[in-house]
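Notes for the one structure printed next.
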Amino acid sequence: MFNFYNQFAIDMTRRTKRALKENDILDAAERIFASQGYSNAKMENIGKEAGVSKATVYFYFESKENLYMAIAFRAMTMLNNMMYDAVHESKSKSGLDSVLQLMETYFEFGSKYPLYTEAMLDYMTWIRSTSSGTDEAKLTEALKDSLYFKKAQDIHNIPVSLVVQEIKRGLRDQSIKNNNSPEMLYLTAWGSVLGYLKLVNLAGKKQSLHKIPTGDLKNYIVKVLHHGLTTVI
């Protein structure tokens, strides 16, 4: 007898098949965006890479902007999970150690996933230039309709919350001495990390910038951040 449980099983099977197809297209899109860049990438090439038609790509993602935002959302989800793990692993350490570990997580993410970093930075540019997405006059029609642009807005502040939370913990346990607001300290740290990630992305596969090895630059930024957090200012 056909009942609710049969219908539930059918619905779950359909959702699973759709999710698998979406993931296949996303994986293909990542390869195309990484090799050709967002502006040059064409939906038909993404479809060919995924083994489906251009129409199928549009059926699942509706627009190139939505597809790119799906990659940004995937990136944010991964980064957030990495940051939650970093906080958990540092729970027995000082707030300062936890903040520095979170910064290292940013660096690790950026070096391992340059396309994800680029997609997130593009997303942040779009969100900042449109008053957090509320100024619809500055949004393209595709972004207005983008499900993944909306999903990204729901989670893009999680890293801010986690870092500010751990800075406050560092202030309480006195491992952080800087008397400026946690938000100010976060922005200073994030600005340094963001600058590094942009420079590394611009450098592409090069291992140095202006004859400075990227690893040395990262280590120096960490030392500056450590000094800034432990100094009474």
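The values are calculated or read from the model by the stated rules, or taken from the named source; none is laboratory data. Every value quoted in this text rests on a predicted model; they were computed, and no experiment measured them. Positions of Cβ are generated from backbone atoms using ideal geometry, with glycine treated the same way; all protein chains shown enter the neighbour counts.
Points worth noting:
- The lone exception for residue 110 - which of (1) closer than 27 Å to residue 216 by Cβ; (2) surrounded by fewer than 18 Cβ atoms within 10 Å (Cβ to Cβ) it fails: (2)
- Per-region count, the stretch 87-107, residues within 18 Å of the chain's Cα centre (by Cα) and free of Cβ contacts under 8 Å to residues at least 60 places away in the same chain: 2
- Any hit, the stretch 199-210, residues being more than 22 Å from the chain's Cα centre (by Cα) and either among the hydrophobic types (A, V, I, L, M, F, W, C) or assigned to a helix (DSSP H, G or I) (or both): yes
- Yes/no for residue 45 being assigned by TED's automatic domain parsing to the domain that holds residue 164 and either over 23 Å from the mean Cα position of the chain (by Cα) or within 24 Å of residue 158 (Cβ to Cβ) (or both): no
- Selection from the stretch 28-37 of residues that are of a type in the set (D, E, K, R) and either at pLDDT below 95 or under 16 Å from the mean Cα position of the chain (by Cα) (or both): 30
- Scanning the stretch 190-231 for residues that are farther than 21 Å from residue 160 by Cα, hydrophobic (A, V, I, L, M, F, W, C) and surrounded by 13 or more Cβ atoms within 10 Å (Cβ to Cβ) turns up 199, 200, 203, 209, 217.
- Filtered by the rule that a residue be touching a residue at least 40 places away in the same chain (Cβ under 8 Å) and either part of a strand (DSSP E or B) or touching a Leu at 6+ places or on another chain (Cβ under 8 Å) (or both), the stretch 215-233 gives 222, 225, 226, 228, 229, 230.
- Of all residues making up the stretch 149-187, the number that are closer than 24 Å to residue 114 by Cβ, more than 14 Å from the chain's Cα centre (by Cα) and surrounded by fewer than 18 Cβ atoms within 10 Å (Cβ to Cβ): 1
- Annotation: of all residues in the stretch 133-148 being without any contact (Cβ under 8 Å) to a residue 60 or more places away in the chain and not basic (Lys, Arg), the one that is surrounded by the fewest Cβ atoms within 10 Å (Cβ to Cβ) is 137.
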